[in-house]
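Worksheet: one structure, shown below.
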Amino acid sequence: MATDVRSDRRYTKDHEWAKRQDDKVYIGVTAFAVDQLGDITLVNIDVKPGEVITAGKAFGTIESVKTLSDLFAPISGKVVHINDKLENTPELVNEDCYEKAWMIALEPSDPNELDQLLDHGAYEELLKTAAH
């Protein structure tokens, strides 16, 4: 089981991360999610820059050799960037899910919403329960 958890970001129970960088929040999937999914074959982002998304709503899908999963927005905000590299190289998610394979960047509607997500300690505890 992949237990790589970074302390510089927040997490959801759906195994996505959100990292604040300047005035943007970058979003991706965790090492645990990648471990569960297996080899990623397709990342489909259904939103475009300028669109506003709501926390908890799907913004795309990720497909692997094992399954197809929805990607959920951990916070609300306006989409400002999409990682176009994932369209042609979805395997980046397997190689570097925490840096190169960010999926979208948001301008948060409420920056405090990020603080409501799990910190790295709480996420590590969640992973311990997922292992049993």
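The values are calculated or read from the model by the stated rules, or taken from the named source; none is laboratory data. Predicted model, so just to flag it, every value in this text is computed and none were measured. Quick reminder, even Gly has a Cβ in these numbers, built from the backbone with ideal geometry, and neighbours come from all protein chains shown. Surface accessibility is based on the protein's heavy atoms, side chains included, excluding ligands, DNA and RNA. Shrake-Rupley method; radii C 1.70, N 1.55, O 1.52, S 1.80 Å.
Descriptive notes on the structure:
- Remark: region 39-53, residue by residue, has Karplus-estimated 3J(HN,Hα) of 5, 7, 10, 7, 10, 10, 9, 8, 10, 10, x, x, 6, 9, 10 Hz, where x stands for each Gly or Pro and the curve is 6.51 cos²θ - 1.76 cosθ + 1.60 at θ = phi - 60°.
- Here the Karplus relation 6.51 cos²θ - 1.76 cosθ + 1.60, evaluated at θ = phi - 60°, turns the backbone of region 89-96 into coupling constants of 9, x, 5, 4, 4, 6, 6, 7 Hz, with x for every Gly and Pro.
- Here the average projected area of the convex hull drawn through the C-alpha atoms of the chain stands at 7.2 nm².
- Over 29 Å (Cα to Cα) - which of Lys19/Lys57; Lys48/Lys128; Lys24/Lys66; Lys85/Lys128 fall in this group: Lys48/Lys128; Lys24/Lys66; Lys85/Lys128
- Rounded FRET efficiency, nearest 0.05, which uses the C-beta distance separating Leu42 from Gln21 and R0 of 35 Å: 0.85
- Accessible surface of Arg20 - all protein chains present, 1.4 Å probe, nearest 10 Å²: 110 Å²
- Spin-label model distance (nm) - Glu99 vs Lys13, 7 Å beyond Cα toward Cβ: 3.2 nm
- For the chain: relative contact order, % (alpha-carbon pairs under 8 angstrom, 6 or more apart): 31 percent
- Selected from Asp39, Asp110, Asp119 as most flexible by GNM, with the chain as the system and alpha-carbon contacts under 10 Å: Asp110
- Surface share of carbon and sulfur [accessible, 1.4 angstrom probe, percent] for the chain: 45 percent
- Sum of side-chain charges, Asn112 neighbourhood, beta-carbon under 15 Å (Lys, Arg +1; Asp, Glu -1): -4
- Solvent-accessible heavy-atom area per residue, rounded to whole Å², over the chain at 1.4 Å: 53 Å²
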